[in-house]
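Accompanying notes for the structure given below.
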Amino acid sequence: MAYDDSNIFARILRGEIPCRKVFEDEHVLAFDDIRPLAPTHVLVIPKGHYTSAQDFAEAASEAEIVAFVRAIGRIARERGIDASGHRLLANHGADGRQEVPHFHVHLVGGRDLGRMLPRAAEE
Ligand code: 5GP
């Protein structure tokens, strides 16, 4: 899938749309989700143009991957959800119901998040 430069996170990266920034370095931007599902709901995105988790895994440089993973750990600690627990989630493609075609990880915590996924009958 080709990268769509008009997606909402590309526009946030270009500063065309505001965000509540949580963290930024050379490779990574993190900001609060606009529709939070928990007291902490941060979106962590690479600055590079990767469409999905799969694209990032295959095409990102080691420096980008290291920066990304370290940023997630740092934000979790700063938000105080390293000890209490949290969830990392990356939706990929149609079955994953990915809405925004710029790779992102949801960092969610601050309450008991329940079971990981509903069983098919509950959807
Ligand atoms: P996905 O389903 O692609 O994994 O999740 C996309 C996420 O982006 C959703 O949780 C949605 O609330 C969030 N989102 C969509 N548009 C915006 C926006 O303009 N600003 C912010 N901060 N989050 C957004």
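Total residues in the range 4-20 satisfying the condition of being within 10 Å of the ligand (Cβ to nearest atom) and part of a loop (DSSP other than H, G, I, E, B): the figure is 5.
Summed over the range 29-54, residues that are without any contact (Cβ under 8 Å) to a residue 60 or more places away in the chain and either surrounded by fewer than 19 Cβ atoms within 10 Å (Cβ to Cβ) or more than 16 Å from the ligand (Cβ to nearest atom) (or both) total 9.
Listed here are the residues, each with its yes/no results for (1) at pLDDT below 95; (2) among the small types (Gly, Ala, Ser); (3) over 21 Å from Glu99 (Cβ atoms).
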residue: Leu29; (1), (2), (3): no, no, no
residue: Leu37; (1), (2), (3): no, no, no
residue: Val42; (1), (2), (3): no, no, no
residue: Thr51; (1), (2), (3): no, no, no
residue: Phe56; (1), (2), (3): no, no, no
residue: Glu64; (1), (2), (3): no, no, yes
residue: Val69; (1), (2), (3): no, no, yes
residue: Gly73; (1), (2), (3): no, yes, yes
residue: Gly80; (1), (2), (3): no, yes, yes
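Scan the range 57-65 and give yes if some residue there is under 30 Å from Asp5 (Cβ atoms), touching a residue at least 24 places away in the same chain (Cβ under 8 Å) and of a type outside the set (Ser, Thr, Tyr), otherwise no.
Checked the range 57-65: at least one residue is under 30 Å from Asp5 (Cβ atoms), touching a residue at least 24 places away in the same chain (Cβ under 8 Å) and of a type outside the set (Ser, Thr, Tyr).
Taking the criterion of being surrounded by fewer than 17 Cβ atoms within 10 Å (Cβ to Cβ), part of a loop (DSSP other than H, G, I, E, B) and more than 9 Å from the ligand (Cβ to nearest atom), the residues of the range 76-109 that qualify are Gly80, Asp82, Ala83, Ser84, Gly85, Gly93, Ala94, Asp95.
Determine whether Ile72 is of a type in the set (A, V, I, L, M, F, W, C) and free of Cβ contacts under 8 Å to residues at least 24 places away in the same chain. Criteria not met by Ile72. Return yes or no: is Ile72 among the β-branched types (Val, Ile, Thr) and either surrounded by 17 or more Cβ atoms within 10 Å (Cβ to Cβ) or in contact with a His (Cβ under 8 Å, 6 or more places away or on another chain) (or both)? In short, yes.
Within the range 38-93, can you find the residues that are more than 16 Å from Leu107 (Cβ to Cβ) and of a type in the set (D, E, K, R)?
Within the range 38-93, Lys47, Asp55, Glu58, Glu62, Glu64 meet the criteria.
The values are calculated or read from the model by the stated rules, or taken from the named source; none is laboratory data. On a predicted model such as this, the values are computed, not experimentally measured, just so you know. Cβ: placed from backbone, ideal geometry, glycine included. Neighbour counts: every protein chain shown.
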